[in-house]
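Peer 1: Before I ask anything, let me first share the structure, which is written out below as structure tokens.
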Amino acid sequence: MERIVVILGHPDQKSLCGALAERYAQAATVAGHQVEVFRLGEMEFDPVLRHGYREVQPLEPDLIRLQAAVAAAARLVLVSPVWWGGMPALLKGMFDRVFLSGWAYRYRKDSPWWDKLLVGRRAEVYLTLDTPRWYYRWIYGAPVIRQLRRTILGFCGIAPVSFTLFSPVRSSTPAQRSRWLAQVGERARR
């Protein structure tokens, strides 16, 4: 049994991402895992880091709860669309506000290096996009994958990070979306 945190990065719960997140959570729960779901679109928090890292911006109760859940989790599951090649502003704002110095990482004194404070956790990322997967990877360079793997999750010590891309959503059929939901459910049961 693992403690799993599922984060829905799409602001609309009724989206394909919302269905994927719910399927994952249901299947993982049936498999005996302890699952907590965070729907960013329903949470109350300011996604803007108002003063950068110059001043401490107190966390809202929803972010305190999310931070505690991530700290206790063995597995982090992100479900998000890819918009303009990257993650939605709401998801990026959550990372800016929650994955803070002293909690997710700590810079070493008089050194360019840092300590990764979230070691021992792994992540699964499920992304939906309208761009064909091959085009996103080879032409665009998969920017959100690089950002999440290297400069957010990896920077904090979360590894390994696996990615599953569902695309193109715009031209997908109901049968294709059903297969995607089944694939997510199967992954959650493992």
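The values are calculated or read from the model by the stated rules, or taken from the named source; none is laboratory data. Since this is a predicted model, take the numbers as computed values, not measurements. Virtual Cβ from ideal backbone geometry, glycine too; neighbours counted across all protein chains shown. When the accessible area is computed, the model is the full protein with side chains, heavy atoms only, and any ligands, DNA or RNA have been set aside. Shrake-Rupley method; radii C 1.70, N 1.55, O 1.52, S 1.80 Å.
Peer 1: What is the one condition in (1) in contact (Cβ under 8 Å) with a residue 60 or more places away in the chain; (2) not in a helix (DSSP H, G or I) that GLN147 does not satisfy?
Peer 2: (2) is the only condition that GLN147 fails.
Peer 1: Only one of TYR107, TYR126 is touching a strand residue (DSSP E or B) at 6+ places or on another chain (Cβ under 9 Å), within 17 Å of ALA21 (Cα to Cα) and hydroxyl-bearing (Ser, Thr, Tyr); which?
Peer 2: Values: TYR107 fails: within 17 Å of ALA21 (Cα to Cα).
Just a single option satisfies the conditions, and that option is TYR126.
Peer 1: Among the residues of region 10-36, write down those that are under 14 Å from ARG187 (Cα atoms) and either modelled with pLDDT under 95 or charged (D, E, K, R) (or both).
Peer 2: Within region 10-36, GLU22, ARG23 meet the criteria.
Peer 1: On to the next question. Of all residues being in contact (Cβ under 8 Å) with a residue 40 or more places away in the chain and in a helix (DSSP H, G or I) in region 150-181, which is surrounded by the most Cβ atoms within 10 Å (Cβ to Cβ)? Just the residue, please.
Peer 2: The extreme case among them is LEU153.
Peer 1: Right, another one. Just the residues that are surrounded by fewer than 16 Cβ atoms within 10 Å (Cβ to Cβ), modelled with pLDDT of 95 or more and among the small types (Gly, Ala, Ser), please, taken from region 43-84.
Peer 2: ALA68, ALA71, ALA72, ALA74
Peer 1: Which residues, counting only those in region 131-149, are closer than 29 Å to ALA72 by Cα and open to solvent by 30 Å² or more (accessible area, probe 1.4 Å)? Outline the logic, then answer.
Peer 2: Within region 131-149, the subset closer than 29 Å to ALA72 by Cα is 143-149.
Scanning region 131-149 gives PRO143, ARG146, GLN147, ARG149.
Peer 1: Does GLY120 meet the test of being farther than 17 Å from LEU153 by Cβ, open to solvent by 20 Å² or more (accessible area, probe 1.4 Å) and not basic (Lys, Arg)? Can you show your working first?
Peer 2: On the way: farther than 17 Å from LEU153 by Cβ: no; open to solvent by 20 Å² or more (accessible area, probe 1.4 Å): yes; not basic (Lys, Arg): yes.
No, not satisfied.
Peer 1: May I ask you to verify whether GLY141 is without any contact (Cβ under 8 Å) to a residue 24 or more places away in the chain and at positive phi?
Peer 2: Details: without any contact (Cβ under 8 Å) to a residue 24 or more places away in the chain: yes; at positive phi: yes.
In short, yes.
Peer 1: Considering only region 85-94, state which residues are buried (at least 20 other Cβ atoms within 10 Å of the Cβ) and either assigned to a helix (DSSP H, G or I) or in contact with an Asp or Glu (Cβ under 8 Å, 6 or more places away or on another chain) (or both). Lay out the reasoning, then the answer.
Peer 2: Pass one, region 85-94, residues buried (at least 20 other Cβ atoms within 10 Å of the Cβ): 87-88, 91, 94.
Passing the criteria: LEU91, MET94.
Peer 1: Restricting to region 33-42, and then to whatever is not in a helix (DSSP H, G or I) and not hydrophobic (A, V, I, L, M, F, W, C), can you tell me which residue is least open to solvent (accessible area, probe 1.4 Å)? Spell out how you get there, then give the answer.
Peer 2: So the first thing to find is which residues in region 33-42 are not in a helix (DSSP H, G or I), and the list is 33-39.
Among the residues that remain, those that are also not hydrophobic (A, V, I, L, M, F, W, C) are: 33-34, 36, 39.
Values: HIS33: 28, GLN34: 85, GLU36: 64, ARG39: 63 Å².
The qualifying residue least open to solvent (accessible area, probe 1.4 Å) is HIS33.
Peer 1: Can you tell me how many residues within region 11-32 are touching a strand residue (DSSP E or B) at 6+ places or on another chain (Cβ under 9 Å), open to solvent by 30 Å² or more (accessible area, probe 1.4 Å) and assigned to a loop (DSSP other than H, G, I, E, B)?
Peer 2: 2
Peer 1: Six or more apart or on different chains, Cβ atoms under 8 Å: show the pairs whose first residue is in region 65-79 and on the phi > 0 side of the Ramachandran plot and of a type in the set (S, T, N, Q) and whose second is surrounded by 17 or more Cβ atoms within 10 Å (Cβ to Cβ) and assigned to a helix (DSSP H, G or I).
Peer 2: none
Peer 1: Only residues that are within 27 Å of HIS33 (Cβ to Cβ) and over 13 Å from the mean Cα position of the chain (by Cα): list them for region 74-99, please.
Peer 2: ALA74, ARG97 - these are the residues of region 74-99 that are within 27 Å of HIS33 (Cβ to Cβ) and over 13 Å from the mean Cα position of the chain (by Cα).
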